[in-house]
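The values are calculated or read from the model by the stated rules, or taken from the named source; none is laboratory data. What you are looking at is a predicted structure, and each value in this text was computed from that prediction instead of being measured. Cβ placement follows ideal geometry from the backbone for every residue including glycine, while neighbour counts extend to all protein chains displayed. Surface areas here come from the heavy atoms of the whole protein model, side chains and all, with no ligands, DNA or RNA. Shrake-Rupley method; radii C 1.70, N 1.55, O 1.52, S 1.80 Å.
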Amino acid sequence: MTSTSTRDLYRRWLDELWAGQPGAAAQLVGPDFVGHWPDRDVHGPDGLAAVVAETRSLFTEITFELTVGPIVDGDLVAARWSGRGVTPRGSTSFAGNDVLRVAGGRFVEYWPASSAGS
């Protein structure tokens, strides 16, 4: 996979999957996908779609903006993003870093890190 294709795949990750289309997981990740969250591992497209839906259910509105990258190095892609959302308690902002491994034109492994802002 070329670095341009990997960059495009990451843009779809942020702009489709995390922007509200959890069904996009089936197109973006392989069947053996593993996401390594700090508190759990998530397996497969369905597991990822469930985490995306769970995360989005915490907000009445949510948007993401790519702030750095994506940077491609071999089979790895990294990026930094910022998010803004509205919850029942008010507005909030947060940021995160993603590192993903690509194989066969899809993401197969994921290491997220995010933090709450204001």
* Percentage relative contact order, the chain, counting C-alpha pairs under 8 Å, at least six apart -> 25 percent
* Give me the angle, in degrees from 0 to 90, between the Cα long axis of helix 3-12 and the longest principal axis of the Cα atoms of the chain, rounded to the nearest 10. => 30 degrees
* Structure fact -> If one compares the long axis through the Cα atoms of helix 44-56 with the longest principal axis of the Cα atoms of the chain, the angle in degrees, nearest 10, works out at 20 degrees
* Carbon-plus-sulfur fraction of the accessible area of the chain, 1.4 Å probe, in percent? -> 51 percent
* To do: Report the convex hull volume per residue for the chain, counting only C-alpha atoms, in Å³.
  => 90 Å³
* Dipole in debye (nearest 20) - the chain, about Cα centre, beta carbon charges: Lys, Arg +1; Asp, Glu -1 -> 260 debye
* To do: Pick out, from Gly85, Val68, Val42, the residue whose Cα sits farthest towards the positive end of the charge dipole of the chain, with +1 on the Cβ of Lys and Arg and -1 on the Cβ of Asp and Glu.
  => Gly85
* To do: Evaluate the distance, in nm, between pseudo-label points positioned 7 Å from the Cα of Arg40 and of Asn97 along their respective Cα→Cβ axes.
  => 2.5 nm
